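Remarks on the structure that follows.
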Amino acid sequence: MSAPKTLFEKIWERHEVVPETTDTPAVLYIDLHLVHEVTSPQAFSLLRQQGLKVRRIDRTLATMDHSTPTDPDEIAGRVPIKVKSAAQQIQQLEKNCAEFNIELLNLNSTQRGIVHVVGPELGATQPGKTIVCGDSHTATHGAFGALAFGIGTTEVGHVLATQCLLQRRPKTLAITVDGQLSEGVTAKDLILAIIGKIGVAGGTGQVIEYRGSAIESLSMDGRMTVCNMSIEAGARAGMIAPDETTFAYLKGRPKAPQGVAWDKAVQDWKQLRSDPGATFDREVHISGSELVPMITYGTHPGMVMPIDGQVPNLSGDPVFMKSLAYMGLQPNESLLGKPIQVVFIGSCTNARLSDLELAAKLIKGKRIAPNVRALIVPGSQQIKREAEALGLDKIFIEAGAEWRESGCSMCIGMNGDTVASGQYAVSTSNRNFEGRQGAGARTLLASPATAAASAIRGCVADPRELI
Amino acid sequence: MEPIRLISSKTVVLPYTDIDTDQIIPARFLTTTTKAGLGQHAFSNWRYQADGSLNPDFILNQGTAQGCQILIAGNNFGCGSSREHAPWALLDFGFKAVISTEIADIFRSNSLKNGLLPIVIDAENHAWLMSNPGAGLTIDLQNSTLSLPNGKLVTFNIEGFARYCLLNGVDELGFLMNQLDTITQFEQARA
């Protein structure tokens, strides 16, 4: 009998075209390559310079999201795209995909959306696959029991040309979350708490497997939120073993196997879990039932605290104090009741239908506070339609929020949607780095429930008071 | 890519931990379709004031930093996004190596592919470098050593294959292209 293996090891070994040696990294086969407008143009230029083709167009899927506007007038072409260089980048992706014969979900596509939302939604993301994209939040797809990680543009070129990457085998980290999350505590609070515990470099060089009863109880949307932010702990990837929740989500999706092929695939996918007795390089345990809503106060996602907590006092640490100075906060300060100017509900972390439903449940019949601009950006055009079918758009619009087309929007602030300098934004996105949402913007990362509660109150608010 | 063997330069120190890629190059400069000219945007939010003028308090704008090819930074340099624009910007600005106690995975991988040396060293020698800005260093890639002006010779680990490629100016894509027959066999075997 062979030695017990982890989920990661099983997938890794299935994809070794050439195993690693002391002299050379493994040649790792890539099943699915997701492409977007920002990190691909220079890779296509390389292909052109070297006279290379895309090796497997059937394993390549492109969408536009990062620099793509979310203003309905710009998307519909009623007004020109405001950021001129972004318009050029979008055109370049169209040109590249046409020239190299790659499937593109373009501006008019009803399937377009954020790359890490549309892959799962179309059923292209599947258990056991290796999935890469020129984007660090690619670990999102690990929620399906895939090995998914972000790569740079040079590697985008490698995958386009060879469908392979040169990779050293990372270490493994098991994070077990037992118990059940309390009312008002979401997958976002869970992953923020994990990052707070292991730190923003705690996962460097490692692939995380999330496991335990609290993880198993999460919906696919929640699992994607958790895996999405693995990179914010520095991890190479994050993954969750597939189960009936995974199969139920994928069944019938356009790019998922159908008929006999589906039954065969599910049989295989059921093997994709860490064997009893499999060992990890490191293990961390967290009690899910003790978790509370979390919010960040600093300039990286590890600077996080319970929503009713106080900013830590590390006044002797100049880097910490520089971060607080940027945020306009003091040690020992409470954030509850702090006035805010922006609420952003969106991004590849928290723009799926259940995120929007949760926000709508809290906002329904209320008004967004007059001092707050609230931007609600669905993760894909399909989610937008599903939300509209449920009447969520009306709930948001009647409350005074803006309802947008899908895209990365204010998460990255390179598409026309930004937070102004000095403003506080409660944001459901993934990064609170200096300037991330706009030069001088002050980001407070939180769940959709916390964001919705804060939008109504006009200040940082505890969602448990509104549920 | 040009082969890299020795880098000798004074250092410049950024005394912060967790310097993320949004600091190295903010996202608003990523709407480009080439690699050219990104150095002007390196550390843009720190280098420039709101009116576009240079921030005289920022170390990279000061005379002592001019011509420095080695950047010393706090733990977990390059965390955040996968943007290869970060090493492109640092190289275009004039840096050839970054030294820290930890360098984020994707940034390290991107740097190695572009000839920016991501060097991780022990905390003690790193602390010395952090407190001695302007120190003259020699990085010897062949021997994976760092010569400090205090006489210490510090060894560092750099992944062997990447080091071979850097020393010989070899492109990793060429290596992968030579594997195409094996890749085809792999595809046929699992079909």
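Rule-based calculations on the coordinates, nothing more; no lab input. Values in this document were obtained by computation on a predicted structure and should not be read as measured data. Ideal geometry is used to build each Cβ from the backbone, glycine not excepted, and the neighbour counts take in all protein chains shown.
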If you average over every viewing direction, what projected area does the convex hull of the Cα atoms of the range B:10-67 give, in nm²?
4.8 nm²
Once the Cα atoms of the protein assembly as shown are picked out, what are the Rg and Dmax in Å?
23.6, 71
Within 10 Å of each Cβ in A:153-163, how many Cβ atoms from other chains are there, averaged over the peptide?
5
Using the 10 angstrom Cβ neighbour count as an exposure proxy, how do A:TYR249, A:TYR326, B:TYR164 rank, fewest first?
B:TYR164, A:TYR326, A:TYR249
Need the list of lysines near A:LYS270 for cross-linking: C-alpha distance under 25 angstrom, and skip anything on the same chain fewer than eight residues off.
A:LYS5, A:LYS10, A:LYS129, A:LYS171, A:LYS251, A:LYS255
Phi-based couplings in Hz for the range A:219-232 (Karplus 6.51, -1.76, 1.60; Gly and Pro marked x):
5, 4, 4, x, 4, 5, 4, 5, 5, 3, 8, 4, 5, 6
Only Lys, Arg (+1) and Asp, Glu (-1) charged, at Cβ; the protein assembly as shown dipole about Cα centre in debye
660 debye
Among the listed pairs A:LYS364/A:LYS384; A:LYS188/A:LYS361; B:LYS10/B:LYS96; A:LYS82/A:LYS394; A:LYS95/A:LYS384, which are separated by more than 21 Å between their Cα atoms?
A:LYS82/A:LYS394; A:LYS95/A:LYS384
So what is the relative contact order for the range A:7-167, in percent, with contacts set as C-alpha pairs under 8 Å and at least six apart?
33 percent
How large is log10 of I(q)/I(0) for the range B:58-143 at q = 0.12, 0.22, 0.24 Å⁻¹ when the intensity is taken from the Debye formula with one equal scatterer per alpha-carbon?
-0.34, -1.18, -1.36
Once amide hydrogens are built 1.01 Å from N within the peptide plane, the residues lying 5 or more places from A:ALA148 or on another chain with amide H under 5 Å from its amide H are A:ILE131, A:GLY142, A:GLY238
One checks the Cα atoms of the range A:235-378 and finds Rg and Dmax, in Å, of 21.5, 64
What is the fewest-to-most order of A:GLU121, A:GLU155, B:GLU124 by other Cβ atoms lying within 10 Å of their Cβ?
B:GLU124, A:GLU121, A:GLU155
Among A:ASP393, A:ASP268, which comes first, then next, by fewest other beta-carbon atoms within 10 Å?
A:ASP268, A:ASP393
Distances longer than 16 Å among the Cα atoms of the range A:302-348: what percent of all pairs is that?
47 percent
About its Cα centre, what dipole magnitude does the range B:27-102 give when the only charges are +1 on Lys and Arg Cβ and -1 on Asp and Glu Cβ, stated in debye to the nearest 20?
160 debye
Helical mean residue ellipticity (222 nm; -39500 (n - 2.57) per DSSP H run of 4+; nearest 500) of chain A:
-9000 deg cm²/dmol
Give the residue from A:THR428, A:HIS285, A:GLY184 lying farthest towards the positive end of the charge dipole for chain A; charges sit on Cβ (+1 for Lys and Arg, -1 for Asp and Glu) and the dipole is referred to the Cα centre.
A:THR428
Here the range A:151-166 yields Karplus 3J(HN,Hα) values (6.51, -1.76, 1.60; θ = phi - 60°; whole Hz; Gly and Pro given as x) of 9, x, 5, 4, 5, 4, x, 4, 6, 4, 7, 10, 6, 9, 9, 8
DSSP beta bridges in the range B:6-190: the antiparallel percent, rounded to 5, is 50 percent
Antiparallel DSSP beta bridges within chain A, as percent of all bridges there, nearest 5
25 percent
I need the fraction of alpha carbon pairs in the range A:295-465 separated by more than 23 Å, rounded to a whole percent.
33 percent
What relative contact order, as a whole-number percentage, does chain A give when Cα pairs under 8 Å and 6 or more residues apart are counted?
17 percent
Could you tell me how far the Cα centroid of the range A:296-370 sits from the Cα centroid of the range A:401-427, in Å?
15 Å
Taking only the alpha-carbon atoms of chain B, what semi-axes of the equivalent ellipsoid follow from 5 times the gyration tensor eigenvalues under a square root, in whole Å, largest first?
30, 23, 14
Please list, in chain and number order, the residues 5+ apart from A:GLU103 or on another chain whose amide H is under 5 Å from its amide H, with Hs placed from the backbone.
A:ALA62
Around A:ILE307, under 15 Å between beta carbons, what's the net of Lys plus Arg minus Asp minus Glu among the other residues?
-3
Amide H neighbours of A:ALA235 at under 5 Å, excluding residues fewer than 5 places away on the same chain, with H built from the backbone geometry, are A:GLY203
Based on the Cα atoms of the range A:7-167, what semi-axes does the equivalent ellipsoid have, where each is the square root of 5 times one gyration tensor eigenvalue, given in whole Å with the largest first?
29, 18, 12
Give, rounded to the nearest 20 debye, the magnitude of the charge dipole that the range B:6-190 has about its Cα centre when Lys and Arg contribute +1 at Cβ and Asp and Glu contribute -1 at Cβ.
320 debye
When the charge dipole of chain A is computed with +1 on Lys and Arg Cβ and -1 on Asp and Glu Cβ about the Cα centre, the Cα farthest towards its positive end, among A:LEU272, A:ILE368, A:GLY205, belongs to A:ILE368
Cβ-defined net charge surrounding A:SER289, 13 Å radius [Lys, Arg +1; Asp, Glu -1]:
-4
In whole angstrom, the spacing between the Cα centers of the range A:1-44 and the range A:156-172 equals 5 Å
Over chain B: helical MRE at 222 nm, DSSP H runs n ≥ 4 each giving -39500 (n - 2.57), nearest 500:
-8000 deg cm²/dmol
Within 10 Å of each Cβ in peptide A:339-351, how many partner chain Cβ atoms are there on average? Round it to a whole number, please.
0
